[in-house]
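The values are calculated or read from the model by the stated rules, or taken from the named source; none is laboratory data. This structure is a prediction, so every number in the text was calculated from the model and none was measured. Cβ atoms come from the backbone with ideal geometry, glycine included; neighbour counts cover every protein chain shown.
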Amino acid sequence: MRSPPQTARCLSAHSLKVNTGATIKPRRSRGKTLKEQTTMATFRIRYFTTRPGKQGKGPRYFWQPSADLVAAGWKIQRLADNLQDAQAEAERYNRDLDNWRKGLAGDAVVNAQIGSVEALINNYKSSRRWRELAPKTRGGYEYAFRIIRSWAADVPVSAITPRLVQMFYEKMRETHPAKAAAVVRVLRLLMTHAVREDMIERNPAERPGISHRAKKGTIWTHAHVNHIVRTADDMGHFSVGTAVMLNAWMGQRLGDVLALQVSAYKNGAIYKRQSKTGAEVVLPVDMVPQLKARIEAQIEHNRKAETPSVYLLPAAGGQAYTAVWFSHLLKRIRDAAAAGGPPPAGTAELIFKDLRHTAVTRLAEAGAPTPMIASITGHSFRTCEQIVDRYNIRTSKMAEEAFRLRLAAEAPKP
């Protein structure tokens, strides 16, 4: 068989490595000499691996896809104990993978640079929209890009159809529903960029049929907040307790809370530009007596520390917490709080991220309209509405308030 040209990559390039007729030297496996391995196979089957048997038994065979394919929903498969049967099973898995990768593109040869999904990703990453993303957001997109590349890096953007997007999503959704939804949302964003760049006329991922609904977090009660703050103080982590108390009202992202400097607190409020969206929020914390008292206590606590700090909520040594460091510390505090008695129900499930939704929920229950809530948390109006829907706030206190308003309006006039 003739080898494919080097200037273009065939969509079935991986299978061509097996079918060129060349003898490929197998990888050395533990417990097998090179001679034994060469006797077992004179060519490499994609993702076919051999592992030593347990307790003196014969070798075990596996179909082991790459890390990116595993992230996309493909699982490591234990194959038959017989070598020939195992190889046949591996080839079947590879055919399934090829069908998933290529869809209706068949064996067409495409240019790996011009008009491909890989080229689209590179184009997007050179755009203003990419440069304006926060580092954390970029990291999430990069993860999705790796999965998208494993599926269709060399496929022309024009060959991606709604059906292929649906197949891509459904395969991932079998094992990772949340991940599938996140990756396909990034794919939708990429295809929107392709439309703007005149690579395609319509976005094939515009309506991918995502059915995943984010899992509800735990809405912190006042008892939860007080119990965690007391435990943090008892364990000598005063700034962690302050962060929890503040964010039950402010509803900010963890990174923005940890980055707060003492200078951000002035005129009875905290002034903050959010790192992700650039939204500016002014939080009148002095209106809440317990928050005002806690912030003053935190500033006094910082003043007495051995190392001065510009941060409002510093770690030991005066530096800012990293998100990982803070989350690990809060988990220790939460576990100690859950073990101490008697803790409020649900203490063991508390995470800092849920304080953001807690703030939205409490404000909505109090009757604050969406624009008011968004002015505090920095959420978009749409996100605020989604959070309200997720926690069924409209069906409880807000419904009762609506009935009270109607009763008052329809009451007989004196």
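Quick notes
- Which listed residue is within 30 Å of L133 (Cα to Cα) and surrounded by fewer than 14 Cβ atoms within 10 Å (Cβ to Cβ), from Q290, Q319: Q319
- Taking region 31-79 as the range and being at pLDDT below 85 and either within 30 Å of I147 (Cα to Cα) or assigned by TED's automatic domain parsing to the domain that holds Q166 (or both) as the test, the residues that pass are F43, R44, A67, D68, L69, V70, A71, A72, G73, W74, K75.
- Among the residues making up region 386-405, a single one is farther than 19 Å from N247 by Cα and either aromatic (F, W, Y) or at pLDDT 85 or above (or both): F403.
- Taken together, the criteria place K353 among residues that are within 25 Å of S263 (Cα to Cα) and either of a type outside the set (V, I, T) or not assigned by TED's automatic domain parsing to the domain that holds V240 (or both).
- Selection count, region 120-140, where residues are of a type in the set (F, W, Y) and touching a Lys or Arg at 6+ places or on another chain (Cβ under 9 Å): 1
- Residues being part of a loop (DSSP other than H, G, I, E, B), within 13 Å of L79 (Cβ to Cβ) and in contact (Cβ under 8 Å) with a residue 40 or more places away in the chain - total across region 47-67: 1
- Hey, A374 in the same structural domain as D256 (by TED's automatic domain parsing), outside any helix (DSSP H, G or I) and under 26 Å from A259 (Cα atoms) or not: no
- Enumeration of residues in region 126-139 that are modelled with pLDDT under 90 and either part of a helix (DSSP H, G or I) or in contact with a helix residue (DSSP H, G or I) (Cβ under 9 Å, 6 or more places away or on another chain) (or both): R131, L133, A134, P135, K136, T137, R138, G139
- Boolean, T218 is surrounded by fewer than 21 Cβ atoms within 10 Å (Cβ to Cβ), under 20 Å from the mean Cα position of the chain (by Cα) and polar (S, T, N, Q): yes
- Residue under evaluation A86, criteria (1) in a loop (DSSP other than H, G, I, E, B); (2) modelled with pLDDT of 80 or more; (3) surrounded by 15 or more Cβ atoms within 10 Å (Cβ to Cβ), criterion not met: (1)
- Unmet requirement for T361, which otherwise passes all of (1) under 24 Å from K276 (Cα atoms); (2) out of contact with any Phe, Trp or Tyr (no Cβ under 7 Å at 6 or more places or on another chain): (2)
- Boolean, V262 is touching a Phe, Trp or Tyr at 6+ places or on another chain (Cβ under 6 Å) and touching a residue at least 12 places away in the same chain (Cβ under 8 Å): no
- Any hit, region 362-369, residues being closer than 23 Å to A223 by Cα and within 20 Å of the chain's Cα centre (by Cα): no
- Selection status of P26, modelled with pLDDT under 85, outside the structural domain of R173 (by TED's automatic domain parsing) and surrounded by 16 or more Cβ atoms within 10 Å (Cβ to Cβ): yes
- Meets criteria (more than 19 Å from D354 (Cα to Cα), without any contact (Cβ under 8 Å) to a residue 24 or more places away in the chain and among the basic types (K, R)) for K292: no
- Annotation note: of A364, A315, A320, the sole residue that is touching a residue at least 24 places away in the same chain (Cβ under 8 Å), out of contact with any Gly (no Cβ under 6 Å at 6 or more places or on another chain) and closer than 30 Å to R382 by Cα is A364.
- Condition met for G378 (farther than 26 Å from Y265 by Cβ, of a type in the set (G, A, S) and either surrounded by 12 or more Cβ atoms within 10 Å (Cβ to Cβ) or in contact (Cβ under 8 Å) with a residue 40 or more places away in the chain (or both)): no
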